[in-house]
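Engineer: This is the structure, below, for whatever I ask next.
Nothing in this text is a laboratory measurement; each read-out follows from the coordinates by a stated rule. For clarity, every value in this text was computed on a predicted model and none was experimentally measured. So basically every Cβ, Gly included, is an ideal-geometry build from the backbone, and we count neighbours across all protein chains shown.
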Amino acid sequence: MNAMNEANPVGSEIFSLINAIDAVSPDSPLEELAELFASPEYANLLSLPVVENGRPVGVISRYRFMDIYLKRYARELYGKRPIRNFINDKPLLVELDQPLSEAAQHVAANMKFPLTEDFIVTRRGRYLGVGFVMDLLKVMEQKMRANTDELEKAYTQLKSSQMALVQSEKMASLGQMVAGVAHEINTPLGYVQNNVAIGQELFLQIQSMMAEYEALVDKLLNDQASEEQVAVQMQLVAEMRNDVNTQEMLGEMHGLMSDSLYGIDQISELVLNLKNFSRMDAAANDSMNVNDCIESALNIGRNVLKNKVEVVKELGVLPKISCAPSQLNQVFLNLFTNAAQAMEAQGMLTIRSWYAEGSVYISVEDNGKGIPQENLTRIFDPFFTTKPVGEGTGLGLAITHQIIHQHGGEIRVESQVGEGTRFSIKLPATSSETVQPILKAVAA
């Protein structure tokens, strides 16, 4: 992998969009991408450039990689294969010396939906770096404010990719969670492996005892066996019975198997949550209990929350509502991770849900550092973020607001600096089920 750098050519507007990302060799094994996509410096990348002899030969997207790696036995089947077998060999290219307005029109006219790849910046065909579509959107927005008609038209074309941006933000969020999710899988996997190893040792002991018991039965049924031989075998069996408590051993094996099944269930639940969260059919409606979406988002974000955030759940009995579950999962994951990031030390996240007068209500409240009043009016604006450069796109809460609005709901925010923040969501319940407003409080 080689990073490439060139001096800024005079007047090049595209230079400010270049991210000098190390390119991937087409002969590198696919498994090498797992570490790259999980690292913080690549967290916002939709795709990695693949370069050979200084020239881009394609890209491999985060979505394409995850689509391969979440399949059963994918690591064994594909991990050692070269990346060139999986790349898109027709990447979106932008020349460095091209005017920004032309570059914007070119990107808008040629990018594919859903949006899963960044564009590559070249100079006379040689790789320079990667440009983020969202960075391009920001620059275009600035030029729109300067009444640049040409850029306004290009921005309108890019804005039509609204659902693709939702999916891109979702995949970027999931990319940031990959390392934590891997850890969450390894924990139950570790004790399942340990239990199986212990169970194997106990099985060998039982197998040995059964062999001695069978030998005793054979001698008792054999007319040719002497009394001395029978007595010796009986003594051996008696000593084994004294040394090993069979009932205790079987009880231990039963406990090991139960623990192992519980660990496997944890892994299955996490993988299912990942699959549901990353679904491409984000607009698909389903009948769903919002509490299930909350639990799914907590499982995905568990590594961000644990050891730092005490989660208190007060989830009411809710009717199922017609919604896009993967979109609501994204809403709750955004709110939960934002709450964790707002806590400079140990904090508390309180999640409530209840049903009243034909609507489902959700409250997400933290005791973090809070949001200044001057920022509250802009909190849902696209590209508005108070995070350092490279740590946020400014799209998370904007997309959250959009998803809730598209569901016919409302979202409000209240905050006090030094005290915390509360997001309140109201969603229409179309179900005819009768629900008793009983709360069950659970501390996680």
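Engineer: So which trypsin sites (Lys or Arg not before Pro) in region 71-124 are both in a DSSP loop and have at most 12 other Cβ atoms within 10 Å of their Cβ?
Structural biologist: Those satisfying the criteria are K71, R72, K80, K112, R124.
Engineer: Can you list the HN-Hα couplings for region 412-423, worked out from phi with the Karplus curve (6.51, -1.76, 1.60; θ = phi - 60°), rounded to whole Hz and with x for Gly and Pro?
Structural biologist: 10, 10, 10, 7, 10, 4, x, 10, x, 9, 10, 9
Engineer: Taking H as built 1.01 Å from N, whose amide H comes closer than 5 Å to the amide H of S359, not counting residues under 5 places away?
Structural biologist: A429
Engineer: Would you calculate the separation in nanometres between label points at S363 and M348, each defined as 7 Å from the Cα along the Cα-to-beta-carbon direction?
Structural biologist: That separation, rounded to one decimal, is 1.3 nm.
Engineer: While we're on this one: Using 0.36 nm times the number of residues separating S39 and E248, minus their current alpha carbon distance, what extension gain do you get?
Structural biologist: Value of the extension gain: 70.6 nm.
Engineer: What does the extension gain come out to for Q341 and K112, with contour length at 0.36 nm per residue minus their alpha carbon separation?
Structural biologist: Taking Q341 through K112 to full extension adds about 79.1 nm, to one decimal.
Engineer: Between region 23-70 and region 397-419, what is the C-alpha centre distance in whole Å?
Structural biologist: Cα centroid of region 23-70 versus Cα centroid of region 397-419: 34 Å apart.
Engineer: Report the normalised scattering of region 14-160 as log10 I(q)/I(0) at q = 0.21 Å⁻¹, calculated by the Debye formula with identical scatterers on the alpha carbons.
Structural biologist: Each listed q maps to, in turn, -1.28.
Engineer: Could you tell me the calculated FRET efficiency between E314 and I267, based on Cβ-Cβ distance and R0 = 30 angstrom, to the nearest 0.05?
Structural biologist: For R0 = 30 Å, the calculated efficiency reads 0.60.
Engineer: Additional query: If you bin the C-alpha pair distances of region 184-269 every 5 Å from 0, what whole percents do you get?
Structural biologist: 3, 14, 17, 15, 12, 10, 9, 7, 6, 4, 3, 1, 0
Engineer: If you don't mind, there's one more thing I want to ask. At R72 and L221, where each label point lies 7 Å from the Cα along Cα→Cβ, what is the point-to-point distance in nanometres?
Structural biologist: 4.0 nm
Engineer: Could you sort the peptides 99-111, 247-259 by per-residue average Cβ neighbour count (10 Å cutoff), highest mean leading? Spell out each step's value before the answer.
Structural biologist: Values: 99-111: 17.5, 247-259: 12.7.
With the highest mean Cβ count within 10 Å placed first, the list reads 99-111, 247-259.
Engineer: Work out how much length D89 to Q200 would gain on full extension: take 0.36 nm times their residue separation and subtract the Cα-Cα distance, in nm to one decimal.
Structural biologist: On the way: separation 111, 0.36 × 111 = 39.96 nm, distance 4.89 nm.
Additional length available on full extension: 35.1 nm.
Engineer: Right, here's the next one. Need one number for region 323-375: average projected area of the convex hull over its C-alpha atoms, nm².
Structural biologist: On the way: hull surface 19.9 nm².
Average projection, Cα convex hull of region 323-375: 5.0 nm².
Engineer: Based on Cα positions only, what radius of gyration and what Dmax would you give for region 38-113, in angstroms?
Structural biologist: Cα radius of gyration and Dmax of region 38-113 are 14.9, 46 Å respectively.
Engineer: Still on this structure, I have one more. What ranking do T377, T337 get, fewest neighbouring Cβ atoms within 10 angstrom at the top?
Structural biologist: Placing the least packed residue first, the sequence is T377, T337.
Engineer: Can you compute the modelled spin-label distance between R378 and V237, with each label point 7 Å from Cα toward Cβ, in nm?
Structural biologist: According to this spin-label approximation, the distance is 8.5 nm.
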